[in-house]
Every structure is written in C-alpha cells, then in structure tokens.
Amino acid sequence: QKWSVGTICAGICKCGYPKIQHCDEAIKPEDYMGEQWDTHRHVREVPTDAFGDITFGGLGQKTGKYVRVSSDISSESLYQLMTEHWKLRSPNLLISVTGGAKNFYMKTHLKDKFRRGLIKVAQTTGAWILTGGTHAGVMKHVGMAVRDYTLSSGLMEGQIVVIGVAPWGVIHNRHTLVHPEGCFPAYYALDEQGQGRLSCLDINHTHFLLVDDGTHGHYGVEIELRARLEKLISQQTLGSRGSGVTIPVVCVVLDGGPGTLNTIYNAMLKHTPCVVLEGSGRLADVIAQVAALPVSKVTLVLISQLMKRFFGQEYKSFTEVQVIEWTKKIQDIVRMPHLLTVFRIDEDKNYDVDVAILQALLKASRSDEHAGRQSWERQLELAVAWNRVDIAESEIFTEESQWTSCDLHPAMFSALVGDKPEFVRLLLENGVCVGKFLEQEDKLTELYAHLPACFFLRKLAKRVQGGKIHRGQEPQPGSSKISLSHVAEEVRHLLGSFTQPLYGLSRHKMTGDDVRLAVPSKGLVDLPCLGEEWTPDTVWDPGRDLFLWAVVQNNTELAEIGWEQVQDCIAAALAACKILRKLAQESGEDDSEEAKEMRELASHYEKQAIGVFSECHSWDAQRAQKLLIRVSPSWGRSTCLWLALEADAKSFIAHSGVQGLLTQIWCGELSVDNPHWKVLLCMIFFPLIYTGFLIFSGSSQKPELEPLNCSSRLMSLFTSPQVKFYWNIASYFGFLWLFAVVLMIDFQAYPSWRELLLYVWLTSLVCEEFRQLYHDFDGSGFRRKAKMYISDLWNILDVLSIVLFIVGLVCRLQASGTVFYVGKVVLCIDFIIFSLRLMAIFTISRTLGPKIIIVRRMMMDLFFFMFLLSIWVVAYGVAKQGILIHNEERLNWIIRGAVYEPYLIIFGNVPTNIDSEHCSVNGSDPLKPKCPMLNDENMPAFPEWLTIIMLCVYLLFANILLLNLLIAIFNYTFQEVQDNTDTIWKFQRYELIKEYHSRPALPPPFILLSHLILFIRAVLLRYPPQRHKTFRQELEQTEEEELLSWEAYMKDNYLASTRQDESQSVEHRIQDTAEKSSDRDDGESSGQETDEEAAPHTFARQLQYPSSTVKRFPVPEEKVPWEVNFTPYLPPVYNEQDSMLNFILMNGFGRNPGGRTGIRGKGALKSLGPNHILHPVLTRWRDAEHKVLEFLAVWEEAEKHWALPGRLHSMCVFSVMQVYKGYVDDSRNTDNAWIETTIVTLHCDKHTPLMADLNRIVSRKYHFLSYCSDFCTI
C-alpha cells in the first residue's frame, strides 16, 4: 500500500485524501513549497494492512480472497500469490472482460446469452475471468452471471474463478478491509445508495486485487498493473507437460468508451483476440457496425455518424481530433480481422458467447503466417485443454487441415492423461492409429506414470518398493525404479497365476532419462530400468494395452473406447471383469465408492462379453464355441471360458452357447440328442451301440465322414464323461451298500472278505483323490490346483470322510474291546459323511441341482442363527440353574441344566427334575440330577413367580421371535437364490464336467488299474502330462486371424444394435430433443469483406513511433493521400539525431510518396527523402540432389518475426536478378523521410571459397533455415 505526501490546499491534498489522513511529515508546507505534486516523489510504500478473506453476507454467505497491493508491485509476485497462497490452479484460458464502467442497459436475450456463455466457457476450459471488480457496468454483469451459476448448481462456493482488479482509492467502505494482521474474514456490506462517486466491490467475485497508488477517488490507476498481469499470464506454459503452448488470452468487450477503445487497440496490437458483443451499446456497437466493411469504407464521416447514433448526448463532448483518433484506431482494428470477432444475436444461429470466444482464439492462432503446422497443433492443444470437442470438430478437423497419426499423438496423450474421453474418440475418428501411438514402449510407460490416484496405483507403488508400504502409509518418492514388468506382475496377480505375463522386459533399449511415476498424494516412484530385453513369449497388442490402462484406473468411458479398439474383445471384456472384481475384493472396503464402481464396471463388461458372444452365436454357433476354447496370446495364453470362470461371470457361463459347449463336452463322442434311458441301456447291453441304437456326434453332424468302427464306438461310449458319471454313481451306491452291510451285519473281530473288499474300494477312492490333487488339468501349477481343491466343499467332505475312515480303521484293528468299539463308532459317523457326499450327484440335475445350492446357503444362515440363539439359551440356562440348584459340582449335570435343558424347552420338552422322585437330594446319585434347594418347611426356596416369568419371557423370544426370524431368513434366502439358481447351477456344472472329463473310464474299485497305468507313464516312463484340447485349443495363425476378424465384425454389429436401441429409447429421445433445442451452430466470423484495392501504407501510420515515446497524429484511411484536404492535420516533428530541420520541413521538402504518416521530420532514419537499402535473397542448395533449398533469414527481435537481411554490400556472386525496386511500408517512415528498397536474388554455390566467406560474415547474427523445395517460392 502507499501513503501520500504533498501540498495541502483547503484541507484536501493533491492525492485526494484529507489533511487529517496524512502523516506528520507530509503536511509541512515549508518542505514542499514550490514543488508540483508527483506520485513517484511524494508517495511512499509501507507493508500492506488489508488482506485475507472477505465475506459479503446475505444468501449463501459468499466468501472470497482479497489483498491491497501497490501499483508498482511485480506481476510475478501477484501470480505467485494467486497460485501458491490462494491455491488457484493455473488457468487454461484468461478472459479479460472490459467495457462500460457505469451501468448500461442490455437486452434480456443478449444478457442471457452473455452470462450463460461466459460461465460455460469458464467452466469447460478452466479459465480465469478478469474484470474491474466493482459492482457496476460490465463487472456487475459478470458478477450476476456467476451468481446465477452458483444458485442453479447449488454450490455455495462456485468453481468459477472471477478476479477483480480495482483501484483501492475508489472503493466505498474500504475501512472495513483494513487490519494490520489481516481479516479472516472481513465483513463487507454493499451500500450502493451511500457510495457517492465511489464504487462498491461486486459481491459475486471470488478474488480481489485492490491496487493502491496513494490516491483517493482516481479511476484507472489499476490499468497498467492489470495489463502487466495479463501479459505475464499469457507467457505461462499451458498445462504441466511443457508443450510450448502458452496460456491464451481473449478480451471480451461490452459497451465501452474512450478507455475501452484504448484497451482494445493495445490488446490487438499485442495479438490478443477480441470479442465484441453487438447490442451492448456505445463503442461495442460502433465496432460491430463497421467490422464487416472493407477498411476503405470505414471513413471519418461514417464513424462520426455511428458515434452520434450510439453515444447520443455524450458525442458532443468529443473534439474533432478525438473523432479522428477514434476513426484511425477503429480502422486499424478492422484491418486485423483475424483478431476481431463480433458476437451477433442471430435466430438462425442460436449459440451462446462461449462459441464466439473459443472461435476467436482459434482464428487468431490460425492466422499466424509464420507458424504453419505448429498453428494447427497449437489450436488442437488449446481445444484439448478446453475439452471442447464441438469447437475441434467445426474449426480444427476440417477439409483444409490434413492430419497424420503422428501429428495427433501429443493431443492423444493429453486427452488420455486428462481424462477427456470425447476427445479421445474424436482423435481416433480423425486418424490416430493406436498401434503407432503405442509403438514405442516408453509411451505406454509414460501413460502408467500419469495414472490418476487409484487403488491399482497404490498396489503398483507397493510392489515397486518391495511391499514396504502398509495401508495408510505413503510411498517414499524416488525409492526404486519400475518398468512394464512391474505392471505385468501386478496384472498377472489380478488375472491369476494360470496366465503368462502380458509384458516381458523392454522391447527397446532405452537411453533417455528415467521417468518418474507420479503417485498423487502418495509420492513419486521412478520409471523405468534401462537395458532390459524383450521377452519373445509376450505379444504386442496396442489395443489391449490401451484398454488395460483404462481398466486398472476404473475409468468407464476411456475403457469403453479402448475396448472398441480390441480385436479379441470377448477375452478382453472377461479379463477386465476378473481384474476389476479382484481389485474390488482386495481394496478391503466393500462399501467404498471406488469398490462399488469397480463392481459395476465389472458387471458392465460381463454384459458386453455376453452381448458380443450372443451376436457370434446367432450367426455361427460352431465358430462362437471355438472362441471360448481358443488360446488368447494377448491375455496370457488363457481362454475365454477359463477367464469367465475365474471372473465368476455366472451370467456368461449360463449363456446357451456356453452351456451348449459344456453339454457337448459332457456327452463326448455321443450325440446330445440321445435320451438318458438309451445311454443307460447301452451301458448294460453295450452291443446295442452297433445296431444304431445310439447316435454319435460325428455321424449326426457330418454324414459324409466314414462311420466309426466297432472299437471306436466302444471307446467313445465308455470314455464319455456322461457314461463315466453314471458308472461312478453306480459304484458309489455299491460302496455305500457294502459299507452298510459291514457295519450292521459283518463287523467281526477279524476282517471278513466283505470288509477287506471295502478297504480295497476305499483305497481306490483315496488314489483318485490324489490324482485329482496332482493332476494339472489346465497347466496352472500345483499350488493353484491345491488351493482350488481345498476351496471345493465336496473335496473337503472327501478328505474328512477318508481321514475318519483311517482313524476308525486304526481303532478297529486294536485288540482292546473298548478301542475296538470306538473304531466302530467312528466308522458309523463316517458313514454319515459318505452318505452326505452322495448329494453331489444331484448337481448334474437341472431340478435338484439348484436345491443343493439353496441348502448350502441355508446352512450358512443357520450357523449365524445358532450363534444368536445360543445367547438366549445360555443366558436363561445359567440363570435357571443358579436359582434352582445350589452348588452343583458335577460338570455333566451343569452343562445339561445350563444348556441342554433350555434348548429342549424350545421344542416343548419341560424338565421333570423338580420332583423329588426324579432327583437326588444331595446329588449323590450320579444318574439323577440334584434336587432344588428347599426351605425350613421342605418347600422350594426359589420364588415360583420369578421362574414362571423367566420361562415365559424365554419362550416368547426363543420360540416365537427367534424361530420366526429363522423362518424369515430361510424364506429370504430361498427367494434370493431361487431367482438365480439356474444361473448358479449352470456355473457350478462346469466343475463336475471338468472332473469327469479328466477322470479315468473305469469306476472304483477297478479304477486302480487306471491309476497304476498313470503312475507308470508319469514316474517310470516320464511321459509329459496330457493336455485336454477339449477345453484349450491352439489355432493356426491364418485361422486365428480369420476368427478374430469375424469376432471384431460381430462386435461392431453388436455396438451398432446397442446404439440403435439406445436411440429408440424414450429417455434418449427426450435428451436428444433437449440437445437439439439448445444446439449451437458452429462458426462465427466478423464477416470481413476483402479489399479489392491495395490499402495505403499501414505500418507507417502506427500511432506509436518505434523506439520512442512520440505518438503520431491519427490519419484515417481516406485522409492518407496528399491530394485530400485534411485541415486538422497537425503532426508532431521528430528527429532522432538532428532537431534543426524544422525550417526545411515547413517548405514541404521531401513529401512521402505513400501519403501522410502522422509525423514529420526524418524520425529514426538517416536522411530526409528516400533512404535506400538493399535486401538480397541469399539461397543455396543443401544437398547434391537439389531437393532442399536454404535461404538466409534474420530474426527481428523488435518485430518478433523473420525478415530478409539488409545493408549487405560488395558481395561477389555468380548470378544476380532484381526482383523489386521501390517504396517500402515501414514503421520508421515519416512525411519527409521514407525507405526505398531493391530486392535481388543471389544464388551461391555451397562448396566455393565465396560461400565460406559469406558464412563468416553472417554467422554472428544470422541463422540458416531449411524448407523442402516443394514449399519454397523464390
């Protein structure tokens, strides 16, 4: 902030403050007598005393940030304050709104479009809006737009950043903002009635920069600081990737007067595009009226008429020179149509101002003549940063722009990392090839380095750091390095160990710097290790890589786009289902939002897999079933069927096509059309198979094939899994019958032949269990096989029954009679378990199979119910036992009285031990319970009324409440499972089919022969294990490519039908109608016509003379020729080196042939009249083939562009050709001095001594540029 000192007159200082508000040394007249007040000499800076939070009260309790700053503060400090202390994100766009500072009328339709469009562009692009900050004029309109957005969105603190840059000295009630230690918050009241000539802050702005230059009541002191701040922001890099694209700035103009015209003019000279709202009044309407006209028609008379029309009585205050200056500036503005966009209300083009703002920026970027392809790439970067697909479609991806896939790769990366799925889809539609985009492995590595905060990223960081990160602990930045092999390990963990790693080591030798893996809020982890080699077992699949990258971060829209790029789409969808469900399971937070989203996305991809497979199955069932068992190299050499089983995709397995494949496998070589009774009959009378009694699959499907011979038919019958199952069921019934006979009839001291046969039979069952445990059916490894074996309930029953049988057998073989009987008891209990195992045969039945599932679910419910019931049983039993029985010491009777009897009461069994006939008084009889305690009168000592109440309450809760609760639980479980029993049964049917497909053909006990053969082949002969091609099939490369192409075609059909169904839905029609009603037409231009005649010199009439503080007299277009009368023309005289030439100029010496320039003298030139200069065009061939032509260019730092070299003399060349000779429109020209040039072409030989001398001459200041000869015009 600043304090002012100066001459006090009538109690008011030149600074505008009263005498009493100055410090003591500032009001001493003798110290400043005779001095003129100067803001730089008589104002000093002190630490600010106004900063912090500001609240305006009222509806919503709006709160913002504010600070009082000096007008001389550096813009870098302000930007640092906003980004670091106010925590504002760097903008993707800066919108500077300028115009009328006083309240003005704007039509309702235009006002709504302005407010709605301004908020939309700020919200979609992440822009900052910069205004004057006061509650008046255009600033008030911006504030009302923010207010409307806040109220409609329901946010107390909006997401729109609106920064007000206002002069401190004109703020009404600013004393409420002052506090030496800051205000948190400061309460500011809006008082428009008492503000007088001051202004109130707008309550809808979010941040305020209050600029203080030590004055009071002076407007405009903030303009210079605001301009410097806008310039600094425009020099900041857009985004965080260092693409070279800077933050764009656009100026939006409403209404306005002279100050606004200067702002627009200076902004456009700095190449800042401007959007003018026609209909907002005054200056904006004047510019809008002439924007579509050629510059030659924008005359002094026309501007005067328009100013009279739109300024009204205010026009009378303008002088003739001011009108001339306005005309000149407006002509210069119209001469830059690429920077000027007029927003007009057009009923045929019903769009908001946001489209005009973004199109103005793109138009300005496209007009850069020196950028070429970089201009288009900059436009695309801006559109991606703004996330405006509509603008990109209409303005960038046009017929004029020819894009290659490589040109779009940076934008594709930005869209992926920035989570902009609509842009990703647009880029793919316009030529991005995923294969080329991910051709270099470091691109995929960089994508994983930019993963957003998600559970997979935390797991990956933990794996990189060797599992040293625990839950809730942040990974240490830079602790270790990572490569795609780490990603492959984590993905393999999620998919399952049965798969192979998707990524091996690096495909390419990397020599760049290490990439760092950004873990948001969790630190950084380095990427990747150098020098790794590519593993040939892995497959490069760019579509899969993109899809997997999107899936692991749980990004629904990007994953959908990636899935559309995958050829092996069914396997990809099932793999995504498996990964997402595994991630949701390992997250440990089942109710978390992230886990729910993962499960929803997993269900979505299960439906997608079902949809594509249904489309395939409807076209060709055989090819569709081949897709299920085809080995997928892209997904770890797994199959769709196995991925579906691992992903618990019950709905997919229940599909009729999958079930058809399982039924074919279940029947083996037998036809699925054979009735069960025929199969059972042929099992007993097998010669019937030679009579055509049974149909075999080969003869039914391909009649042209030769019929099976006798041995083949017999083998096909008995190796069918269906027949194996029937024989094993019959064998199991025989085992149970033999077991029951031994237990009830033939259990001797010494085993009989029946018992010995039972032992042999059990041995065959034990061997079969070992075969199932060690048999590697799908190559998943012993550990995984053992884990799967233990997870099956029927296998647990098998192991338990075998262990109990061995325990009973050991006890039975003992000589002691007691142990012998214990062994029989154990075997009897074991018989129960063997009998329960018989329920497994029902799993193949469509009717009884689902009922087994319901029983298992109810058993789980019963377990938890018994835990709840035990609380009531034990509570009542202990209380009853303590009241009735005094000091019972026998443990068995304690448990019986406290647990067993209360449990029986539930079922209506009332205890009888209260009577003395059924009890022992002192507990001396071990077969009777102890009698209740008696009093002196031999009557029961316990209060009967209390025990009756306890019994009633116990029966009320136990019998009525809890048992009915159990019935309700069973009913709920039944209803829940009944709806899905068919799906669950079909899912579990696979395990039974797989078991009997791999099972030997002979049933127990004859299966011992098969086990012996297997043992000899595996252990003695060391034959490799046989793989079952029925569940896993390797295809030839040609056949696989055809199958994948057909699958991709079916996927496209499915997606097209899905989109058609969505478009026909009622909800989609309503949404489509709403979008059409508010649809915005693309494209807005100023309508600038083309001048047919060449315009007079324009650079020579720039208002600011270069490298000086002198300003030219404004010369409108029509007043340039000397022949035209221009009475008010009084140009200043400027001579940079000699000021004694005024008398020569008065005689009209040396008039500029181009016309008036607005300044006299020789300016920065050396002499009056023409100043001659030579511009040689120096060219040479870069190569011997003469394909690339090089020319010499000079970078003009002041003008910020390339130019031809000048002032080169005495050069010997082989050939010289004059191209042009005459007047040059130069910014240094004056009325009396100008530049004339001669342009010649000089072509030099690259390998001559002359060229070496030339290189030494120009090497200090010139640079060679190369262009293909196709683009050079000499």
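All of the numbers you see were taken from the coordinates with simple rules; none came from a lab. Since this is a predicted model, take the numbers as computed values, not measurements. When we count neighbours, we look across all protein chains shown, and the Cβ atoms used for this are built from the backbone with ideal geometry, even at glycine.
Measure up K596/K1051; K65/K363; K607/K678 against 31 Å on the Cα-Cα distance and list the ones that go over.
K65/K363; K607/K678
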What net charge do the residues around P1132 carry, taking every other residue with its C-beta under 10 Å from that of P1132, with Lys and Arg at +1 and Asp and Glu at -1? +3
So, with points 7 Å from each Cα along the Cβ direction, the D1052-E76 label distance in nm works out to 5.7
Show the residues, 5+ positions off or on another chain, whose built amide H is closer than 5 Å to the amide H of C274. C251, L340, T341
Which peptide among 1162-1168, 595-601, 382-388 comes first, and what is the full order, when sorted by highest mean count of other Cβ atoms within 10 Å? 382-388, 1162-1168, 595-601
Length gained if L680 through V760 is fully extended, taking 0.36 nm per residue and subtracting the Cα-Cα distance, is 26.1 nm
Taking 0.36 nm per intervening residue step and subtracting the Cα-Cα distance, what contour gain separates S592 from L688 on full extension? 28.3 nm
Amide H contacts under 5 Å for C13, restricted to residues at least 5 apart in sequence or on another chain and with H modeled in the peptide plane, are K19
What is the stretch 540-640's relative contact order, in percent, from Cα pairs under 8 angstrom and six or more apart in sequence? 25
So which of K107/K297; K113/K140; K270/K329 end up more than 20 Å apart, counting from Cα to Cα? K107/K297
All other residues with a Cβ under 12 Å from the Cβ of T663 taken together, and with Lys, Arg as +1 and Asp, Glu as -1, what is their net charge? +2
Stretchable slack from M859 to N103, in nm (0.36 nm times residue separation minus alpha-carbon distance): 264.4 nm
Ranking request for peptides 103-113, 574-584, 126-136: highest mean number of other beta-carbon atoms within 10 Å first, then the rest in descending order. 574-584, 126-136, 103-113
W1202 versus F1006: modelled label distance in nm, points set 7 Å from Cα along the beta carbon direction: 9.1
For A136, what charge total do you get from the other residues with a beta carbon under 9 Å from its beta carbon, if Lys and Arg give +1 and Asp and Glu give -1? 0
Amide H contacts under 5 Å for F208, placed H, 5+ residues apart: K65, Y66, V67, G164
Whole-Hz ³J(HN,Hα) from phi, Karplus 6.51 cos²θ - 1.76 cosθ + 1.60, for the stretch 129-137, glycine and proline x: 10, 10, 9, x, x, 9, 8, 6, x
Compute the distance in nm between two label points, each set 7 Å from the Cα along the Cα-to-Cβ direction, one at A1252 and one at S816. 11.4
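Just list whichever of K328/K1119; K436/K462; K824/K851 have alpha carbons separated by over 21 Å in the model shown. Walk me through the numbers on the way to the answer.
Working: K328/K1119 10 Å; K436/K462 31 Å; K824/K851 33 Å.
In this structure, K436/K462; K824/K851 lie more than 21 Å apart at Cα.
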Does the stretch 608-767 come out rounded, prolate or oblate, given a ≥ b ≥ c as the square roots of the eigenvalues of its C-alpha gyration tensor, rounded meaning a/c under 1.5 and, failing that, prolate meaning a/b above b/c? oblate
Order 615-622, 950-957 from most to least packed using the mean count of other Cβ atoms within 10 Å. 615-622, 950-957
